[in-house]
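A.B. asks: Structure incoming, see below.
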Amino acid sequence: MPDPILDLPASPDAFAGATWADVAPYYERLAAVPLDAAIVEAWLERWSRLEELVGEAGTLAMTAYTG
């Protein structure tokens, strides 16, 4: 898989205080990857991991806000 999509943050803490301008480039890089059978599984794993990180960051932000 091309290197530009391998640099996902290690934890949702990387998105603490992030705006869409901070998050969008991750999605844009993933969306720009030409898919074929050789990389589709790895690509989907990256997409799922990004969704997980952003979702967890949102949960942490909501917990901090309401706590």
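FYI, it's all coordinate maths here, none of it is from the lab. Because the structure is a prediction, the values reported are computed rather than measured. When we count neighbours, we look across all protein chains shown, and the Cβ atoms used for this are built from the backbone with ideal geometry, even at glycine.
A.B. asks: Simple spin-label model, 7 Å along Cα-to-Cβ: residue 59 to residue 20 in nm?
C.D. replies: Between residue 59 and residue 20, the label points sit 2.4 nm apart.
A.B. asks: Please determine, in degrees from 0 to 90 and to the nearest 10, the orientation of helix 20-32 with respect to the longest principal axis defined by the Cα atoms of the chain, where the helix direction is its Cα long axis.
C.D. replies: Tilt of helix 20-32: around 20 degrees.
A.B. asks: Which ³J(HN,Hα) values in Hz, rounded to whole numbers, follow from the phi angles of region 53-63 under the Karplus curve 6.51 cos²θ - 1.76 cosθ + 1.60, where θ = phi - 60° and Gly and Pro get x?
C.D. replies: 4, 5, x, 5, 4, x, 5, 5, 5, 5, 4
A.B. asks: Continuing with the same structure: Below 8 Å between Cα atoms, with a sequence gap of 6+, how large is the relative contact order for the chain in percent?
C.D. replies: 48 percent
A.B. asks: By what distance, in whole Å, do the Cα atoms of the chain stretch along each of the three principal axes, largest value first?
C.D. replies: 45, 20, 15
A.B. asks: Which value, in debye to the nearest 20, describes the size of the charge dipole of the chain about its Cα centre when Lys and Arg Cβ atoms bear +1, Asp and Glu Cβ atoms bear -1, and nothing else is charged?
C.D. replies: With Lys and Arg at +1 and Asp and Glu at -1, about 120 debye.
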